[in-house]
């Protein structure tokens, strides 16, 4: 549950299944991204009521909401990617067009009376690892990883 630097491509395990979609930068689109990602996980055999699916949906929702609220650029959207790797790790990525808006290295709690500002705290709490990647300009990707329980992963491989 900590921030990591992006491993080099040659260090990443192969992808078994992948989903990527572009969205408009609206709150409604952030909710749609969550629902579509959860639907894709279901299509891969990960039950919507499972803890893995609910956690992945939360991570997509928080990262997409952050892209909409903090990285909005008129006429530019955000992109959500979900990939299941051969090592059983689910990787969620949200890419926006505000690389100039760097994220904190460690998520910090807002003042107790604030009604927002807890998204990265949730990502930090529920993801096994998370981090950011800049570029190419003007892009920034925030990613989170979640290890699937072995039973969930085997179901995807052998439907």
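The table for this structure:
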item	result
Filter result for residue 133 (crowded, with 18+ Cβ neighbours inside 10 Å and at pLDDT 60 or above)	no
Filter result for residue 147 (crowded, with 17+ Cβ neighbours inside 10 Å, modelled with pLDDT of 70 or more and under 20 Å from residue 18 (Cβ atoms))	no
Qualifying residue in the stretch 113-123 (condition: at pLDDT 90 or above, under 29 Å from residue 42 (Cβ atoms) and surrounded by fewer than 18 Cβ atoms within 10 Å (Cβ to Cβ))	no
Residue 64 being under 11 Å from the mean Cα position of the chain (by Cα), at pLDDT 95 or above and part of a helix (DSSP H, G or I)	no
Pairs, first on the phi > 0 side of the Ramachandran plot and part of a loop (DSSP other than H, G, I, E, B) in the stretch 84-113, second at pLDDT 90 or above and buried (at least 17 other Cβ atoms within 10 Å of the Cβ), C-beta under 8 Å, six or more apart	88/148
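Conditions tested, residue by residue: (1) at pLDDT below 90; (2) surrounded by fewer than 18 Cβ atoms within 10 Å (Cβ to Cβ).
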position: 13; (1), (2): yes, yes
position: 19; (1), (2): no, yes
position: 26; (1), (2): yes, yes
position: 39; (1), (2): no, yes
position: 49; (1), (2): no, yes
position: 56; (1), (2): no, no
position: 59; (1), (2): no, no
position: 69; (1), (2): yes, yes
position: 74; (1), (2): yes, yes
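The values are calculated or read from the model by the stated rules, or taken from the named source; none is laboratory data. Computed from a prediction, not measured in an experiment: that's the story for all the values here. Neighbour counts are summed over all protein chains in view; Cβ atoms, including those assigned to glycine, are modelled from backbone coordinates with ideal geometry.
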